[in-house]
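The values are calculated or read from the model by the stated rules, or taken from the named source; none is laboratory data. The structure presented is a predicted model; accordingly, all values stated were derived computationally and were not measured. Cβ: placed from backbone, ideal geometry, glycine included. Neighbour counts: every protein chain shown.
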Amino acid sequence: MGEVNNVTEFVLLGLTQDPSAQTALFLMFLLIYIVTVLGNLLIMVTVLASPSLGSPMYFFLANLSLLDALYSTVFSPKLLKDLFSDRKTVSFRACMGQLFIEHLFAGAEIFLLVAMAYDCYVAICKPLHYLTIMNRKVCILFLVVSWAGGFTHSVIQLVFVSRLPFCGPNVIDHFLCDMYPLLELVCTDTYLIGLTVVARWSHVCGGLHPPPHLLWNHPQLS
């Protein structure tokens, strides 16, 4: 934590203060949350229960659905609760915890999408060796690396933010604790800090760029 930190809690402004709009948003987000969770649970149950869906593609799809369900469950209940709360507050520690979980799941999902892209490449370009290359150990290794990558990214972001000086303003113009709304409350120049955050996310998202051998094989695929 930074040397200068007088903030013990943050106040979230939320999405709107209009009661009629709050009711409409509550119903809309509740429906979206239920559909998201049930849809992802249905995918996971279908993959686990069906012997014919045992390929690596469905293994990664089931884990991606798990991440989506967890991500939605972490934030949606509090968002729904805060829509009808007069004072939307979150403690400093809870805010940091929310930030950590957000980047953990988001980072893990990005790395998992990279693994799924490689799986598709092998399935299309090397179909005869697909099951040999994408064996069970490799799939589990990709999954572990995805979670480890998300965890590492999340820890770096958390340490980075928790050491910033929050010395006065504590009102977040958002409905959750996120990186850029928090940077607006820091008692120092955040231009270079913002560039650092963008660089970190660019480094993580850079994994989504297709590797050279995928680009080289693209004409063959078409």
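General observations
- For region 52-78, residues that are within 18 Å of residue 36 (Cα to Cα), over 13 Å from the mean Cα position of the chain (by Cα) and of a type in the set (Gly, Ala, Ser) total 2.
- Where a residue in region 125-146 is under 24 Å from residue 66 (Cα atoms) and its partner, wherever it lies, is at pLDDT 90 or above and of a type in the set (Asp, Glu), with Cβ under 6 Å and at least six apart: 134/119
- Just so you know, in region 159-173 the residues that are β-branched (Val, Ile, Thr) and surrounded by fewer than 14 Cβ atoms within 10 Å (Cβ to Cβ) include one that is farthest from residue 187 (Cα to Cα), and it is 159.
- Residue check, residue 163 more than 24 Å from residue 15 (Cβ to Cβ) and not aliphatic (A, V, I, L, M): yes
- Residue match in region 68-83 (condition: under 27 Å from residue 124 (Cβ atoms) and either among the aliphatic types (A, V, I, L, M) or assigned to a helix (DSSP H, G or I) (or both)): yes
- Some residue of region 27-46 being surrounded by 15 or more Cβ atoms within 10 Å (Cβ to Cβ), outside the structural domain of residue 129 (by TED's automatic domain parsing), without any contact (Cβ under 8 Å) to a residue 12 or more places away in the chain and among the hydrophobic types (A, V, I, L, M, F, W, C): no
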